[in-house]
Every structure is written in structure tokens, then in C-alpha cells.
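Read-outs: derived from the displayed coordinates by stated rules, not from any lab. What you see is a predicted model; the values in this text were computed from it and never measured. Quick reminder, even Gly has a Cβ in these numbers, built from the backbone with ideal geometry, and neighbours come from all protein chains shown.
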Amino acid sequence: MSTPPDPDAALMLRVKQGDGEAFEVLVEKYKQPVMNLAYRTLGDAAEAEDVAQHVFLQVFKSARRYEVSARFSTWIFTIARNLCLNELRRRSRHPAGSLDEMAGGHDEPPGRQFEDTHAFSPPENLLQSELEAKVEQALAALPEKQRTALLFCRQGDLSYEEMAAVLGCSLAATKSLIHRARATLKEQLKPYLRSGAWRGPPH
Amino acid sequence: MNDPLYQKLLEASWQRPLNSEEEAELQAYLAAHPEAQAEWEEDILLTQQLRQLPAAPLSSNFTALVLQTVKAEAGKPRRAATSFGWLAWVRHYLPRAASAGLALVLVITGSYQYRASRRAQLAKSVAALLPVTPLNPEMLQDFDAIVQLSQAPTVADEDLLGALE
């Protein structure tokens with residue numbers, strides 16, 4: 001059985017030929033998933049965005065050597081995870097400082113423009129916000145591999161086999177990581193799960 | 001709940017909503033195993049909550065920033081490859097050549113020092129022997145003949161011994 005052609009790999013092959021528009025399409029498509037992974041691994045929005053930018057820079061730099069050996073998503077998430085792990089290692093060695101400082105005094109980049117997502121919320125949304133905070137907290141406390149596996153699973157971009165390839169472990173080990181992560185979350189969030197506070201409006 | 005069907009449905013539900021066929025399988029399974037109902041519901045609630053997590057904050061000009069960085073990066077190697085290709089080559093290989101040179105110098109110096117220390121030890125041993133047996137140059141007049149005797153094959157001696165017996 002032949003695997004279906006990967007449209008993102010086709011775009012990457014166009015990038016290899018010097019097609020800037022194809023690169024922009026890939027950035028648009030993957031910026032949020034890559035940022036989600038970086039943000040929940042590093043826990044800091046500014047650092048996560050620096051890492052996400054480096055991921056795309058790495059993709060661009062590697063374009064000349066790019067060969068279609070796996071799905072593009074597997075490749076880019078592998079780069080993203082490796083850069084996040086590098087950043088965690090760097091952070092443990094040098095507790096202060098960011099990637100921009102490491103890059104060493106480039107031209108001052110234009111300022112980031114964040115949308116204000118913390119607009120006024122009606123009281124009924126407060127409970128949901130609190131629950132989200134609890135879930136984020138429980139996620140952040142998970143070991144890195146379990147959290148990453150769970151996040152990939154949640155996003156649904158990768159199959160279990162592709163998750164295993166990104167995480168560098170077997171399929172069985174990947175599923176075991178997800179099982180353990182979910183068991184830990186259920187244990188920590190049991191009061192909320194039992195109270196039914198999470199039950200959303202009926203569909 | 002180690003039933004393969006249950007596990008398959010569970011793993012599918014973690015990634016996406018179940019399709020109609022899977023939903024029918026689930027209902028049949030839960031009808032046969034009502035004890036699994038509570039765990040399934042708990043799992044689904046967790047999945048829902050994970051899906052509802054907000055997207056990470058991303059600046060609205062992220063793509064523009066990436067494209068700008070990439071553009072700046074793309075300019076760098078092209079210049080290096082055209083005007084200063086040899087410089088890039090030197091930059092690439094110089095650290096390796098320097099490391100190899102350093103290793104060679106260390107090996108030569110180490111070997112020289114080892115030989116010098118051996119020679120010093122030998123000189124010390126000779127100096128220690130000198131007061132016991134003061135060397136007389138006449139003692140050494142048959143030195144070469146004696147050394148050659150010790151190197152001569154012993155077969156002739158063995159033949160002579162045989163003849164004498």
C-alpha cells in the first residue's frame with residue numbers, strides 16, 4: 001500500500017527550489033502548532049516565540065538538504081522539540097537570558113504585536129478559566145516526554161507512529177507515555193472530573 | 001480495561017471524535033461492560049478539557065518577523081560563497097587543522113620528555129654504580145670481543161661439549 005503524497009513535503013520541495021511563497025504557506029500553517037508545543041514546553045510566551053522563529057529559520061536553512069523521507073510534520077516537530085530541549089538545557093546552565101542574547105546583537109527586531117486576549121470575561125467564564133489554569137498547571141508538572149506525547153496526541157497532527165518517531169521511542173513506549181500522562185492528569189484533576197464541573201453544554 | 005477493542009476506541013478518541021462505526025462499537029461494548037462506563041466518561045471529559053485549552057499567544061506579525069529573519073539569513077551565505085569562498089573554507093578547516101597540530105605537538109613533546117627522563121634515570125643508575133666499581137679504561141680493552149662472544153651462536157659450544165663427552 002503506497003502512502004498518500006504529503007502536500008507539505010511538496011511545498012518544502014518548492015522551498016528547496018527557492019520558492020518564498022511556499023515557505024510562507026508552511027509558516028502560516030505550522031506557526032500555531034509549533035508555538036503551542038514551545039509554549040507548553042518552556043512555559044514562557046516570549047521564549048517560546050523565539051524558539052518558534054528559530055524552528056522556521058532552521059527549516060529554511062535545511063531546505064537545500066531536504067529529502068522526503070518522512071512527513072513534513074514529523075520533521076518540523078522533531079526540529080521544534082530538539083530546539084525546545086536545547087533551550088531547556090541552556091536555561092539550566094544559564095538561568096537568565098534569552099535566545100536573542102545568544103544570537104548576539106543582531107539588528108533590533110521589530111516589536112512583537114500581541115493581541116489582547118484577556119478582555120473582560122463574564123462571571124460564568126471564570127470557572128472555565130480556573131479549570132484551564134488547573135489543567136495547564138498539571139500539564140506543566142508532567143515529565144517533558146509525557147507532556148510532549150500528550151500534546152501531540154491532543155493536536156491530532158501526527159499519527160501514533162509519527163509521534164514515536166519525533167519522541168525517538170517505540171510505538172508501545174509512546175502509547176505508554178500517553179497513558180501515564182493521562183492517568184496523572186486524571187488523578188490530579190479528579191475533584192473537577194467527579195464534580196461534573198467540566199461537563200459543557202449538551203450537544 | 002485491557003480489552004483490545006476498548007483500547008483501540010480509547011486511543012482513537014484521544015486524537016479525534018469517533019466515527020459512526022466506532023461509536024456503534026463503543027455502545028455495544030459499554031452495554032456488555034457497564035462497569036467501563038464511568039471510566040470512559042472520565043476519559044472523555046479529560047479529552048474535552050485538553051482540546052479546549054487555548055492556543056498559545058502568538059504575535060500577529062510572527063510570519064513577517066520570520067520572513068524578515070530568513071531574508072537576512074539568506075543574504076549572508078550568498079556573499080560568503082561568492083566573494084570570500086576561500087575564507088569560508090579556511091574558517092571551516094582552520095579549527096580542525098589547529099586541533100590536529102596541537103595534538104601532534106603534544107605527542108612529540110611527550111615522547112621527547114619521556115626519552116629525556118629515561119636518559120636521566122640511566123645516568124643516575126650509572127652514577128650510582130661508579131663509586132663501587134671505578135672504571136679503568138684498560139678493563140674495557142677486550143669489551144668488543146666479549147660482547148661478540150655473547151652474541152655468537154651457542155650451537156658450536158654444544159657440538160664441542162658433545163665431542164668432549
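Quick rundown of the values:
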| read-out | value |
| --- | --- |
| FRET efficiency for A:Asn86 and A:Tyr66, using Cβ-Cβ distance with R0 set to 22 Å, rounded to 0.05 | 0.60 |
| Inter-probe distance in nm under a simple model that places probes 7 Å from Cα toward Cβ, at B:Ala116 and B:Ala100 | 2.8 nm |
| Flagged links, alpha-carbon separation over 25 Å, of A:Lys145/A:Lys190; A:Lys134/B:Lys8; A:Lys29/A:Lys175; A:Lys29/A:Lys61; A:Lys16/B:Lys71; A:Lys16/B:Lys76 | A:Lys134/B:Lys8; A:Lys29/A:Lys175 |
| Calculated FRET efficiency for the pair B:Ala128/B:Glu73, C-beta based, R₀ 56 Å, to 0.05 | 0.20 |
| Mean-position separation - Cα centroids, the range B:1-69 and the range A:35-89, in angstrom | 25 Å |
| Peptides ranked, highest mean first, by Cβ atoms within 10 Å: ranges B:29-42, A:160-173 | A:160-173, B:29-42 |
| Kyte-Doolittle at least -1.0, axis length at least 30 Å by Cα - qualifying DSSP helices, chain B | B:62-82, B:85-129 |
| Peptides B:102-110, B:49-57 ordered by average Cβ neighbours within 10 Å, highest first | B:49-57, B:102-110 |
| Average beta carbon contacts from partner chains per residue of A:161-173, 10 Å cutoff | 0 |
| Point-to-point label distance, B:Ala156-B:His92, nm (Cα→Cβ direction, 7 Å offset) | 6.8 nm |
| Computed E for B:Leu18/A:His94 - FRET, C-beta separation, R0 51 angstrom, nearest 0.05 | 0.60 |
